[in-house]
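Report on one structure; see the data block that follows.
The values are calculated or read from the model by the stated rules, or taken from the named source; none is laboratory data. Every value quoted in this text rests on a predicted model; they were computed, and no experiment measured them. Positions of Cβ are generated from backbone atoms using ideal geometry, with glycine treated the same way; all protein chains shown enter the neighbour counts.
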């Protein structure tokens, strides 16, 4: 049984402590070929003169025999040695992705208890959601708590507007965002990016890698388009809200041509007493 990419990927997925990327897989194959020179040869006869089997041996014609290719070198292991034969020197990302998709479909068709998912960091194995209760019982964890609508709205604003400040979030939502921010920080869905170049240097918030896993996307570019939270529309609205215009008499429906009509400035000014008028 020669090298089988799908079988190797399954082993690497089970052995990986986190997400397994295409680069991790390619690095593993590179290490195999780098270490192959120090491994015994396949079906190579044992030299009688004590020389190592991986040395270059001269032929009768005096021409040196080149070292065997890395695919001809295996680890000592009896019948398992065939697993290390014909190992390609390069596996493309497209080949890895195709093999991963095949594995995922096979497990899905078999209604497996594990699921292969792709995240921002690569592929990883997770338990099927229908078995989540057993996992919580093993770890003695409480059931997950759902986010409140307020926290979800705050998270949506941050995901589309990041980096953003608390004041901007509250202007968009129209209510206080303190409770929602605290809950999202506690869940590690957002983090403090830095401080805005504004008076008071307010904190700016952005989403974390946990947020990507939470919503099931690999990058922020996969967020669905939102006309409601479009940056240009929100920027125009915020600028208008931060720079209110002074209403004129015409805007208030008052007749500016009437001589006896008081202006807005006159109505806001305090009336002078009769003594002050006489003094003038």
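A few comments on the model shown:
- The residue of region 113-134 that is nearest to residue 219 (Cα to Cα), among those that are within 24 Å of the chain's Cα centre (by Cα) and not in a strand (DSSP E or B), is 120.
- Enumeration of residues in region 91-112 that are in a loop (DSSP other than H, G, I, E, B) and under 14 Å from residue 8 (Cβ atoms): 91
- Output for region 184-208, where each listed residue is surrounded by 14 or more Cβ atoms within 10 Å (Cβ to Cβ) and either closer than 30 Å to residue 129 by Cα or assigned by TED's automatic domain parsing to the domain that holds residue 18 (or both): 184, 185, 187, 189, 190, 191, 206, 207, 208
- Residue ID - nearest to residue 89 (Cα to Cα), chosen from residues in region 12-22 that are touching a strand residue (DSSP E or B) at 6+ places or on another chain (Cβ under 8 Å) and modelled with pLDDT of 90 or more: 22
- Number of the exception - residue 181 against (1) more than 30 Å from residue 20 (Cβ to Cβ); (2) touching a helix residue (DSSP H, G or I) at 6+ places or on another chain (Cβ under 8 Å); (3) modelled with pLDDT under 90; (4) surrounded by 15 or more Cβ atoms within 10 Å (Cβ to Cβ): (3)
- Residues of region 142-172 satisfying the condition of being assigned to a loop (DSSP other than H, G, I, E, B), over 14 Å from residue 192 (Cβ atoms) and touching a residue at least 40 places away in the same chain (Cβ under 8 Å): 147
- The single condition among (1) touching a strand residue (DSSP E or B) at 6+ places or on another chain (Cβ under 6 Å); (2) modelled with pLDDT of 50 or more that residue 56 does not meet is (2).
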